[in-house]
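What follows is calculated from the coordinates using simple rules that are stated; it is not laboratory data. Predicted, not measured: the structure shown is a model, and the values here were computed from it. Positions of Cβ are backbone-derived with ideal geometry, glycine not excepted, and every protein chain shown enters the neighbour counts.
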Amino acid sequence: MLIGLGPHSSKKKQDLDKLYELKSKARQIMNQFGPSALINLSNFSSIKPEPASTPPQGSMANSTTVVKIPGTPGAGGRLSPENNQVLTKKKLQDLVREVDPNEQLDEDVEEMLLQIADDFIESVVTAACQLARHRKSSTLEVKDVQLHLERQWNMWIPGFGSEEIRPYKKACTTEAHKQRMALIRKTTKK
């Protein structure tokens, strides 16, 4: 496997393996269902548009952040202008170059990865909005996104610490464990 020039870490090799795996899966899907299967995922969208007025956007350093989602999905299920997207083709190509400078993604694979990123963002925002609605709030806050990412994806947002300090939970010792430990201590004394 060629991974380009420069120092290589095991993480870079794992990332490259994942990239090749995604690329082969995308090709399998294309061969099986045709190129339109990778791009047209808008039929499975979970967001239902609701009329709402959005207050002015807050500061990210503040724990109360108002999120405004610009634009609506186009025919391909993705936002039409690239400047409204979180992950653009140029950013995706930069990420790929960071992993392997010699790797070049096919156009269809790029579209599929951009669609996956858009779907992930859409699902996170939808779930966070549901959490905000559950709090009976009309404002989407960072803690809503944090809670969803921590519970569903086991992800933590760097720079946004949790309000409560999570104590380390020491596992309680069972009676069977105490008996085994006593037996071990007894045999080691002899």
Inset, instruction - Any chance you could run the full-extension gain for Phe120 through Leu147? It's 0.36 nm times the residue separation minus the Cα-Cα distance, nm to one decimal. - result: 8.2 nm
Legend entry - Amide H partners (placed H, <5 Å) of Met155, local residues excluded: Glu150
Inset, instruction - Rounded to whole Hz and in sequence order, give me ³J(HN,Hα) for the range 173-182 from the Karplus expression 6.51 cos²θ - 1.76 cosθ + 1.60, θ = phi - 60°, writing x for Gly and Pro. - result: 7, 7, 5, 5, 5, 4, 5, 5, 5, 5
Inset, instruction - Would you please give the FRET efficiency between Lys25 and Arg135, computed as 1/(1 + (r/R0)^6) with r the Cβ-Cβ distance and R0 = 30 Å, to the nearest 0.05? - result: 0.20
Legend entry - Label-point separation, Ile157 to His177 (7 Å along Cα→Cβ), nm: 3.5 nm
Inset, instruction - Go through the range 134-141 residue by residue and turn each phi into a ³J(HN,Hα) via Karplus (6.51, -1.76, 1.60, θ = phi - 60°); whole Hz please, and just put x for glycine and proline. - result: 5, 6, 6, 10, 9, 10, 7, 10
